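*Asks:* Before I ask anything, let me first share the structure, which is written out below as structure tokens.
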């Protein structure tokens with residue numbers, strides 16, 4: 001069992017031993033050390049969660065031991081006990097601590113874009129159901145009004161481990177913008193598909209460097225495919241839409257659903273579709289193979305609507 | 001508001017606010033200098049960044065200074081314009097690549113907020129075509145090349161020939177040209193009838209030289 005666990009376990013053991021020694025020397029020193037470890041763990045939740053996920057694997061060797069006991073019925077009961085006791089609570093802890101820093105394929109996501117004010121963002125985030133399938137976006141207006149503060153504050157408001165998208169809509173100087181957004185705590189940043197190809201290439205490269213997802217926003221791009229063709233590397237996500245102003249002023253333009261299959265057939269990327277206002281529209285988008293559906297929370301809309309949409313999304317789309 | 005007869009030098013700031021403060025303190029106090037809050041600066045500090053620039057520059061020249069918020073609007077322009085006007089900006093920018101509806105809305109919104117509208121023609125081959133489609137003209141048209149494109153591909157040129165064509169057809173728009181960095185580039189920009197020359201790289205690379213650079217460039221602005 002000891003060999004299964006990586007160095008992380010030994011490190012935690014070391015910390016505990018160090019705490020004991022410190023306490024025996026001087027209780028104040030021990031107290032200081034405890035505070036220091038708590039701060040360290042709070043700052044690096046990944047450290048603990050990887051430790052917990054290592055723990056999760058421990059029931060398996062235990063069941064091997066049980067088989068050696070040769071009493072089959074007993075071992076199966078114990079297996080059940082072990083699983084129910086060990087696995088379930090650990091899973092709960094680790095999902096709450098583990099950060100889904102990257103998106104997974106084969107999962108459907110709802111992407112809630114917050115564009116009004118930070119106060120409203122707080123209100124809506126507190127009402128949103130907690131799920132790793134809900135992505136929270138700091139919208140462009142929020143970023144331009146509050147700066148990177150918008151991203152870090154939304155990150156703080158959101159449940160630990162929530163996936164935060166910074167909709168910075170990069171058009172130039174990609175290096176600086178990606179760095180800023182990643183440092184503010186974003187898990188993904190966006191770049192315009194209409195930007196110069198050099199900028200998009202640089203953007204994707206930089207996102208990889210900072211280990212965040214790159215999203216290319218194809219607003220006002222005629223053919224997303226022809227943009228993708230020119231790129232050196234593929235982005236993680238391609239976002240298709242019509243633009244909010246466009247939807248407001250000329251309603252007849254359609255979301256190009258047929259493009260989703262075209263893109264996914266040719267390239268290994270996730271496709272996000274913007275503009276789902278009702279659950280029916282969201283269903284239609286996922287039915288058409290979209291991986292992510294973006295819904296906007298505008299400042300004139302009631303937040304209850306968005307919350308309801310998120311709830312029915314989790315219920316109806318799996 | 002800008003004087004149509006005069007030429008202006010626009011300096012874009014993308015550094016941290018502390019450094020920008022020092023650089024602004026070094027600039028000569030001249031109304032011919034326009035201070036731009038670059039896109040990264042706006043995205044980093046938001047409204048606060050713009051009002052800080054406004055305060056520092058107005059203090060320096062003892063008059064309300066002209067601040068450009070380089071928003072590069074692509075979408076949802078109305079809220080952003082309102083926000084930067086409130087923060088003290090005198091002009092905001094919108095991408096020419098944005099949907100025409102967005103640009104129209106942006107220009108209308110700028111008029112409502114009482115600030116100048118700038119349409120940034122980055123990555124557009126024929127700015128003319130965009131202008132034709134608009135319901136109303138913007139106050140200023142910005143011709144330039146992206147920084148990232150410039151670094152990777154130095155062959156593409158600033159479209160000086162476009163200036164005459166645009167001014168000939170649409171007499172009352174001002175033209176701003178970005179991308180030239182040497183005094184020679186700036187002279188050429190003005191010689192080709194541009195009203196505003198945007199520079200930033202030389203200031204970015206040598207912030208301690210701000211005063212000398214600005215004086216050298218100001219001499220070229222008649």
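The numbers here are math on the coordinates, done by the rules we state, and not lab data. Just so it is clear, the structure is predicted and the values come from calculations on it, not from any experiment. Cβ coordinates were reconstructed from backbone atoms using ideal geometry, including for glycine residues, and neighbour counts include every protein chain displayed.
*Asks:* When the Cα centres of the stretch B:159-222 and the stretch B:52-100 are compared, how far apart do they sit, in Å?
*Replies:* 20
*Asks:* Another question, then. Sort the following peptides by mean Cβ neighbour count (other Cβ atoms within 10 Å, averaged over residues), highest first: B:78-87, B:4-13.
*Replies:* B:78-87, B:4-13
*Asks:* Would you mind getting the Kirkwood hydrodynamic radius of the stretch B:155-204 from its Cα pairs, rounded to one decimal in Å? Show your work: numbers first, answer last.
*Replies:* Details: mean 1/r = 0.0883 Å⁻¹.
With all distinct Cα pairs of the stretch B:155-204 included, I get 11.3 Å.
*Asks:* Suppose we keep just the DSSP beta bridges with both residues in the stretch B:1-159; what percent of those would be antiparallel, to 5? Mind dumping the intermediate values first?
*Replies:* Working: 0 of 19 bridges.
Here the share of antiparallel DSSP bridges comes out near 0 percent.
*Asks:* What do you get for Rg/Rh of chain B when both radii come from the Cα atoms and Rh is the Kirkwood radius?
*Replies:* My calculation puts Rg/Rh at 0.93.
*Asks:* Which order do A:207, B:73 fall in if you start with the one that has the fewest other Cβ atoms within 10 Å?
*Replies:* The most exposed by this proxy come first: A:207, B:73.
*Asks:* Separation of the stretch A:183-226 and the stretch A:119-174 by C-alpha centroid, Å?
*Replies:* Rounded to whole Å, the Cα centres lie 17 Å apart.
*Asks:* Further question: Would you mind getting me the FRET efficiency between residue A:14 and residue A:131? Use the beta-carbon distance for r and R0 = 30 Å, nearest 0.05.
*Replies:* Step by step, r from the Cβ atoms, then E = 0.25.
*Asks:* In addition: For peptide A:188-195, what's the mean number of Cβ atoms from other chains within 10 Å of each residue's Cβ? All intermediate terms of the calculation are to be shown ahead of the outcome.
*Replies:* Details: counts 0, 0, 0, 0, 7, 1, 8, 9.
For peptide A:188-195, the averaged partner shielding equals 3.
*Asks:* Okay, moving on. On a full-extension model of 0.36 nm per residue, what is the gain between residue A:108 and residue A:318, subtracting their alpha-carbon distance, rounded to one decimal in nm?
*Replies:* Once the chain is fully extended between residue A:108 and residue A:318, it gains 74.9 nm.
*Asks:* A further question on this structure: Given an 8 Å cut-off on Cα distances and at least 6 residues of separation, report the relative contact order of the stretch B:5-149 as a percent.
*Replies:* Relative contact order, the stretch B:5-149: 17 percent.
*Asks:* Under the definition of partner shielding as Cβ atoms of other protein chains within 10 Å of a residue Cβ, what is the mean value for peptide A:166-179? Intermediate values should be presented prior to the final figure.
*Replies:* Details: counts 1, 1, 3, 8, 5, 12, 16, 8, 3, 3, 8, 4, 0, 1.
Per residue, the number of nearby Cβ atoms from other chains is 5 on average.
*Asks:* How high is the relative contact order of the stretch B:158-222, in percent, counting Cα pairs under 8 Å that sit 6 or more residues apart?
*Replies:* Relative CO of the stretch B:158-222 lands at 30 percent.
*Asks:* Which semi-axes, in whole Å and largest first, does the equivalent ellipsoid of the stretch B:107-222 have when worked out from the alpha carbon gyration tensor as the square roots of 5 times its eigenvalues?
*Replies:* 25, 17, 14
*Asks:* Averaged over B:98-109, how many beta carbons belonging to a partner chain fall within 10 Å of each residue's beta carbon?
*Replies:* On the way: counts 7, 11, 5, 11, 8, 1, 2, 3, 1, 0, 0, 0.
Shielding by partners across B:98-109 averages 4.
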